[in-house]
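Contents: one structure, followed by commentary.
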Amino acid sequence: MSLHGRDVISIRDLSREEIESLLDAGRKMIPFAEGTKVTRPLENKIVAMAFFEPSTRTRLSFESAVQRLGGSCLTIADAGATSMRKGESLYDTIRMLSSYADAIVIRHPNEGSARLAARASDRPVLNAGDGAGQHPTQTLLDLATMREAFGTLTGLRVVLLGDLKYGRTVHSLAYALALFGSEIVLSSPEGLRFPDERRVELKQLGARLTDQPDVHQAVRDADVLYVTRIQKERFGDEAEYRKVAGSYRIDAAVLARAKSRLIVMHPLPRAGEIAPEVDRTPHAAYFRQAFLAVPVRMALLNAVLGPAKRGG
Ligand code: NCD
């Protein structure tokens, strides 16, 4: 099935074949993302960035991707500057935006908000993070990073470390890892465990899932260590946050036991979970990961909004 005109709200909206073809297309976009080659399939297309939560990489890499494809952007970077401040609903805001743009990229603090936006919009909607829900385009670039490092997404042992309760990046990524047949090791402080209902869904997909709260043990046989930030903004009360703050940190000593090929990933921003000394080791993959956001998002935007492929 073609991706043309489709919404991408959850990573589960994409089949394994669709993900693979996006990753292939993303790899071919690298020289265009770097600006050494030029392509303009989104000429005359406008993409709205509706960001109701802070963002650096996601919004700017989406904007860079649109512009590298010859399109242009309309951007809401601050909800306080819109009529939502006057009480306008998300539904109305998105409905109106869909008459100003050809596609909408949305980030919003409420889980389910991107689905709601998709109902309000008659243009494709791409979810750039809905609360603790999903972050499917991050998963695409995470997979691109792993595939670039290992040449495959199957049979890897991937440790998901940190805030597995509220972290939307790991919620999306875990589904994709299950789909590709990689092993998932869950490593989190007790209060931030991966939610039970998501475990059930993953098991139904045939996921190989284990828990290893001890990060030293978890790192030992890992191919990928995917570190996340504690999602402070999603905590109900400050005391709950203080119980887990600073409870894990990756530094050279932790990595001393790792496989030489282990890559350390992080969706960023980091807030102390990875010591800067790790940046100088061959394990550090997070800045490459941040760059791959551009070619991967270019591939997705081109598939959803570019010239329709015949018979696709
Ligand atoms: C993540 C997010 O917003 O979910 N950031 C990102 O998109 N690269 C991770 C985070 O904020 O911790």
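The values are calculated or read from the model by the stated rules, or taken from the named source; none is laboratory data. Everything numeric here is computed off the predicted structure, so don't read it as measured data. Cβ sites come from the backbone with ideal geometry, for glycine too, and all protein chains shown count toward neighbours. Keep in mind that these areas ignore ligands, DNA and RNA; they rest on the heavy atoms of the full protein, side chains included. Shrake-Rupley method; radii C 1.70, N 1.55, O 1.52, S 1.80 Å.
Here are the numbers for this structure:
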| quantity | calculated |
| --- | --- |
| Segment 239-262, residues that are open to solvent by 20 Å² or more (accessible area, probe 1.4 Å) and within 21 Å of ASP163 (Cβ to Cβ) | ALA239, GLU240, TYR241, ARG242, LYS243, ALA245, GLY246, SER247, TYR248, ARG249, ASP251 |
| Number of positions in segment 1-32 that are more than 19 Å from the chain's Cα centre (by Cα), without any contact (Cβ under 8 Å) to a residue 40 or more places away in the chain and assigned to a loop (DSSP other than H, G, I, E, B) | 1 |
| Candidate set from segment 33-54 (those that are more than 16 Å from the ligand (Cβ to nearest atom), of a type in the set (A, V, I, L, M) and under 23 Å from the mean Cα position of the chain (by Cα)); member that is farthest from THR82 (Cα to Cα) | ALA33 |
| When residues of segment 41-63 are limited to those that are of a type in the set (D, E, K, R) and in a loop (DSSP other than H, G, I, E, B), the one nearest to LEU305 (Cα to Cα) | LYS45 |
| Candidate set: segment 157-177, residues that are open to solvent by 10 Å² or more (accessible area, probe 1.4 Å) and touching a strand residue (DSSP E or B) at 6+ places or on another chain (Cβ under 7 Å); chosen: the one nearest to the ligand (Cβ to nearest atom) | ARG168 |
| Matching option when the condition is part of a loop (DSSP other than H, G, I, E, B) and away from the ligand (no atom under 16 Å from the Cβ), among LYS243, LYS259, LYS203 | LYS259 |
| Which numbered condition GLY181 fails, given (1) surrounded by fewer than 18 Cβ atoms within 10 Å (Cβ to Cβ); (2) within 16 Å of the ligand (Cβ to nearest atom) | (2) |
